[in-house]
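Remarks on the structure that follows.
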Amino acid sequence: MDGLKQRASVVVIGATNRPDILDPGIMRPGRLDQLIYIPLPDRDSRISIFKANLRKSPVADDIDMETLADATEGFSGADITEICQRAAKNAIRDSITAGIERQQRVEAGDLTQEEADELPDPVPYITRAHFEASMSKARRSVGPEIIKQYDDFTAKIKQQWSESGTESASYNIDKAAEEQAREDALL
């Protein structure tokens, strides 16, 4: 950070899931001195995460994103992504198994290859069963003890900043946009 000249169009953002091991120097005034804690996703965010992860996947009509979101209270975005990926892999595995069984029926003479090719896709969608199997192995990667660590770190940093007089009351995005517009007008 030392030696960098102030530029109106450059913003440095740092992100970590281990704030407790940051070098204190990086948190000094004029460096990374704005702390923004992003909590676990709420219900609406979890619905959006499921939709984003499954937007290109064929999902059965009986899959309800709201129900999935309700079942994943306390899960991180990465945890939800893992659930979706595991459900898709379960569907792929079932499709491969059905294809092998179909081929075995052809080899046994029960079906001709043409008949087998004309049969409908045995696993056209990710189904409820695929999600249930995925959810049975799902786990929360962020427990209460980690959330407490984040809360404790946030309180500690805010206390340090208030003692040194560098803490702003709160970040106001509209005010920041106005200040940025003023700076841009000067260029």
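The values are calculated or read from the model by the stated rules, or taken from the named source; none is laboratory data. Since the model is a prediction, treat every value here as computed from it, not as a measurement. Positions of Cβ are backbone-derived with ideal geometry, glycine not excepted, and every protein chain shown enters the neighbour counts. Ligands, DNA and RNA are stripped out before the accessible areas are found, and what is left, the full protein with its side chains, is counted by its heavy atoms. Shrake-Rupley method; radii C 1.70, N 1.55, O 1.52, S 1.80 Å.
Would you mind finding the one in Ala78, Ala129, Ala91 that is buried (at least 17 other Cβ atoms within 10 Å of the Cβ) and in a helix (DSSP H, G or I)?
Values: Ala78 fails: buried (at least 17 other Cβ atoms within 10 Å of the Cβ); Ala129 fails: buried (at least 17 other Cβ atoms within 10 Å of the Cβ).
The match here is Ala91.
Looking only at region 21-38, count every residue that is part of a loop (DSSP other than H, G, I, E, B) and among the hydrophobic types (A, V, I, L, M, F, W, C) and tell me the total. Full working, then the answer.
If we filter region 21-38 for residues that are part of a loop (DSSP other than H, G, I, E, B), which is where we start, we get 22-23, 28-38.
Checking which are among the hydrophobic types (A, V, I, L, M, F, W, C) leaves us with 22, 32, 35-36, 38.
Result for region 21-38: 5.
Among Thr16, Thr72, which is at pLDDT below 95 and within 16 Å of the chain's Cα centre (by Cα)? Even if it seems obvious, please write down each step before you answer.
Details: Thr72 fails: at pLDDT below 95.
Step by step, each of Thr16, Thr72 is checked, and only Thr16 is at pLDDT below 95 and within 16 Å of the chain's Cα centre (by Cα).
Quick check on my filter: what residues within region 114-126 are surrounded by 15 or more Cβ atoms within 10 Å (Cβ to Cβ) and in a loop (DSSP other than H, G, I, E, B)? Result: Val123, Tyr125. If you go through region 109-134 and keep only what is hydrophobic (A, V, I, L, M, F, W, C) and at pLDDT below 95, you end up with Leu111, Ala116, Leu119, Val123.
How many residues does region 130-159 contain that are in contact (Cβ under 8 Å) with a residue 24 or more places away in the chain, of a type outside the set (D, E, K, R) and out of contact with any Ser or Thr (no Cβ under 7 Å at 6 or more places or on another chain)? Total meeting the criteria: 12. Can you confirm whether region 40-57 contains a residue that is over 30 Å from Lys156 (Cβ atoms), of a type in the set (Gly, Ala, Ser), modelled with pLDDT of 85 or more and touching a His at 6+ places or on another chain (Cβ under 9 Å)? Among the residues of region 40-57, not one is over 30 Å from Lys156 (Cβ atoms), of a type in the set (Gly, Ala, Ser), modelled with pLDDT of 85 or more and touching a His at 6+ places or on another chain (Cβ under 9 Å), which makes the answer no. Looking only at region 39-75, residues that are under 16 Å from Ala129 (Cα atoms) and either open to solvent by 50 Å² or more (accessible area, probe 1.4 Å) or in a loop (DSSP other than H, G, I, E, B) (or both) come to 9 in all. Taken together, the residues in region 94-111 that are surrounded by fewer than 15 Cβ atoms within 10 Å (Cβ to Cβ) and within 18 Å of Thr127 (Cβ to Cβ) amount to 6.
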